[in-house]
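Some notes on the structure that comes next.
The values are calculated or read from the model by the stated rules, or taken from the named source; none is laboratory data. Quantities reported herein were computed from a predicted structural model and do not represent experimental measurements. When we count neighbours, we look across all protein chains shown, and the Cβ atoms used for this are built from the backbone with ideal geometry, even at glycine. Accessible surface is based on the protein model in full, side chains and every heavy atom, while ligands, DNA and RNA are left aside. Shrake-Rupley method; radii C 1.70, N 1.55, O 1.52, S 1.80 Å.
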Amino acid sequence: MAGNEWINSYLEAILDVGPPINDPKSSSLLLRERGRFSPARYFVEEVITGFDETDLHRSWVRASSIRDSQERNTRLENMCWRIWNLTRKKKQLEGEEAQRVAKRHRERERARREAIVDMSDLSDGEKVDMVGDLSAHGDSVRGRMSRVSSVDAMANWANQYMEKKLYIVLISLHGLIRGENMELGRDSDTGGQVKYVVELARALGVMPGVYRVDLLTRQVSAPDVDWTYGEPTEMLNLIDSSDTMHEVGESGGAYIIRIPFGPKDKYVPKELLWPHIPEFVDGALSHIVQMSKVLGEQTGSGQPLWPVVIHGHYADAGESAALLSGALNVPMVLTGHSLGRDKLEQLLKQGRQPKEEINATYKIMRRIEAEELSLDVSEMIITSTQQEIEEQWNLYDGFDPKLERKLRARMKRNVSCYGRFMPRAMVIPPGMEFHHIVPHEGDMDGETEGNEHNVGNADPPIWLEVMRFFTNPHKPMILALARPDPKKNLITLVKAFGECRQLRELANLTLVMGNRDVIDEMSGTNSSVLVSILKLIDKYDLYGQVAYPKHHKQSDVPEIYRLAAKSKGVFINPAFIEPFGLTLIEAAAHGLPIVATKNGGPVDIHRVLDNGLLVDPHDQHSVADALLKLVADKQLWARCRGSGLRNIHLFSWPEHCKTYLARVMSCKQRQPRWKRNEDQSSDSEPDSPGDSLRDIKDLSLSLKLSLDGDKNEKRGTSVTALDFVENASKKKSQLDDVVSPLPVSRPMEKAEQSKFSLSRRRKLVVIAADCDTIAGLADITKIITETVKKDNSASHCGFILSTALTITEVQSFLELAKFKPYDFDAYICNSGGEVYYPCLNSEEKSSGPPFTIDSDYQSHIDYRWGGEDLRKTIIRWADSLNDKVKNKAEIAIKEIDSASSHCYSFRINDQSLVHVHSMGHKLVKSCGFCRRKWRHGL
């Protein structure tokens, strides 16, 4: 029978081991009590606790029936007899203990019933409290995992958030992202991060109050990847129509939205996506604006439903989220794992590559720059562990944990922060869905209860795929689930297993290292790690003791955990540093104790679950000792398993989403500026920027005169002292009313005053025109402005002039056309190279120039300015044209003095040789930052 086969395998292993390890002179089974380990004692305990007495007796009878003169059979018979007697004694003790437990249970139940009878005079609330207290001291809950039901966990939230209609945008650019059958481990970009963002979007999509969740990623239509990654839209969760707690419209729920950007037919790693981020931002902005309008119509609000938050994951998505947050004026949240500065420091410490090579390989400096930008824009940083805050984000200029706490304390007390702002860092561990995970209690005892030959309960195919590697598949399994990346430290694990004889004799090792077909087709680092592992297996002769399957599906992962738990095994994560460690939570949910690195997220996970041991990943002896301790000590194993199952609900997705939404809603909610302007009353807006500028100037001047004590005449009478105070206060109040919308606590500069008046416009007309003469431009501009002003709906409309002229030429144009400087809200000069605003004192010629330059815009286009390369290209092209001129004394095209550092001017003498429009089109496309036009014929 099946039980006898198990017993015989253990007994055979006992005889093969021989004398206890580390003490060849003694055969006592009590060596473990003396601080040593005996494999024989381990296997005897496994037989005693794992099999029925009938099976043991039959094994003894079988051994007796084949008795001969050989010493081996004699030892086998004696061993079976001793084990049988030990088992009978153990069952007797267990029966007595069960009687004592039953007696205590009866006594507690009797006391509970008597207490309930005595509560007849209590109120209903007091009764409930009393019953709850009694229940808390009653029977302990069975050592199984607490299942978290999304409906039950959200019952209290439903009433509070059901009326809200929240639109959330998540961004994750690199890797291959889809809702089902995720190819985790396919490459370094498709790992735990992909699973995290997909499950976060799916979990948020079913939360009360959340109307829609969009996970924006890259559309990949490459021939070397599955066609599903090229689908523009994928629904993550189908909402049940019978679910009354989550009523959504046609577009409600969670979706993966794939935006096309970058190479159209090629899947590239994240290091090569940086030049294409602006292209993604354009596509994402178009999608969000369009979707907001659609959701607004579906919810019946009549206004676009703008995102409540834009959440960027990792550096590339963080930069994209920062740009979208600035364009839409909505809050941004940032999540980052394995940050650039931290990775740079690790690589430099290893000393394998100089900084230049590291930057060339990983584009590390570009990544750090994106993370700094994301820090400047985001309102909140969500981390998995406190270690990320203290040791990773703390490395950046834009974040300081101590300063962040001080600023937050000052804001709570309404104390000025002197313009300093810093995002708040919050630890919200990733979640996991547990309702579908049911630990098999029979498997935990190592027995099959007679079901192994039942066809309906056949082993999953992945079990057979793993166990075919093992000579003795009944040993406990040490499971590691990670891609063959150097930072996952699988090589140290194999060395620890291979050099520890006790561990090899007690357990098997299973390495699930993603999916592969041919090692040579893997990436360089992954293939080198895998080859090193295979060489170590050969070095330590671990054949039959180590499994390394080539393929597995995402749906097979739970079965792999279950197989390890069935064999009373251990899950290990030996990474040098683990940002969080989602696999540790998955293992704990399936009843597996853990051995994990002490660097990073596992520290926080272990603090909550208390279901294993933490080790130094650089010390292979420490790794081996921890594994041996958990595998050999079954009481410790059972305690760690029970602790993990009791506390695992703290890492559920409902708990994560509740905390996430609470933090997101605490951010200052903003809306796009154009929505705010539309809501303003039309009566409060001036007819022109000059009106608002003059109002500010007149108020400030009148207030100054009043405060200086000058006499003002009012209806022919002089102002008394009391009138003076009242008038001064009134003037000051009027000035405050005008200036109060400005979000600054210092006097406005000239450019800021003009921007303020520009922001109050409901409509803007941009006149982009250039003529051969300034007089021609003046005529065209007059016609446009007069036509617009005739329209009654354009009473609050402003004008912007966009031209290739310099600001000096613009001033001449205004004088010729008899325009005032403040007739235009802004002047875009030098073909977009400069932006000017009319000054407050533009009517006073003696006080200075009537225009002020936008220094913020100058700084913006100075950043990564590539115009000098464009200038050199044009000069080389001009030289090639000049060589074609027959008369060398003449030239076809010549550079003239540039109007500014961002605008280059050329004079064309022979237009027959120059195709201006076609060449200009190519130059505009090659620039890549903003539109830079030609200026010619000047």
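Given a Förster radius of 30 Å and the C-beta distance between Glu250 and Glu279 as r, what FRET efficiency does 1/(1 + (r/R0)^6) yield to the nearest 0.05?
Rounded to the nearest 0.05, the efficiency is 0.55.
How much FRET efficiency would the formula 1/(1 + (r/R0)^6) give for Lys634 and Lys539, where r is the Cβ-Cβ distance and R0 is 30 Å, rounded to 0.05?
Taking R0 as 30 Å, the efficiency between Lys634 and Lys539 is 0.45.
Quick one: if the Förster radius is 45 Å, what FRET efficiency do His105 and Asp459 give, using the C-beta to C-beta distance and rounding to 0.05?
Computed FRET efficiency for His105 and Asp459: 0.75.
Rounded to the nearest 10 Å², what accessible area does Glu94 have for a 1.4 Å probe in the complete protein model?
90
Just reorder Lys566, Lys165 by solvent-accessible area, largest first, 1.4 Å probe, all chains present.
Descending accessible area places them as Lys165, Lys566.
Over the heavy atoms of Asp779, what accessible area does a 1.4 Å probe trace out, to the nearest 10 Å²?
Approximately 90 Å² for this residue.
So how do Thr383, Thr787 rank on accessible area, 1.4 Å probe, biggest first, that is with the largest at the start?
Ranked from most to least accessible, the order is Thr787, Thr383.
Would you calculate the separation in nanometres between label points at Leu395 and Val427, each defined as 7 Å from the Cα along the Cα-to-beta-carbon direction?
2.0
State the extension gain, in nm to one decimal, for the chain segment bounded by Leu272 and Lys412, taking 0.36 nm per residue of separation less the distance between their alpha-carbons.
Extra length from Leu272 to Lys412 when fully extended: 46.1 nm.
Quick check on my link table: of Lys264/Lys658; Lys402/Lys598; Lys90/Lys566; Lys165/Lys363, which ones sit more than 28 Å apart, alpha carbon to alpha carbon?
From the list (Lys264/Lys658; Lys402/Lys598; Lys90/Lys566; Lys165/Lys363), the Cα-Cα distance tops 28 Å for Lys264/Lys658; Lys165/Lys363.
I'd like the accessible area for Met467: 1.4 Å probe, protein heavy atoms, all chains in place, Å² to the nearest 10.
Surface open to solvent at Met467 totals about 50 Å².
For Leu93 and Gln350 in the same chain, what is the full-extension length gain: residue separation times 0.36 nm, less their Cα-Cα distance, in nm?
86.8 nm
Using a 1.4 angstrom probe on the protein heavy atoms only, could you order Glu521, Glu578, Glu390 from most to least accessible area?
So, going from the largest accessible area down, we get Glu521, Glu390, Glu578.
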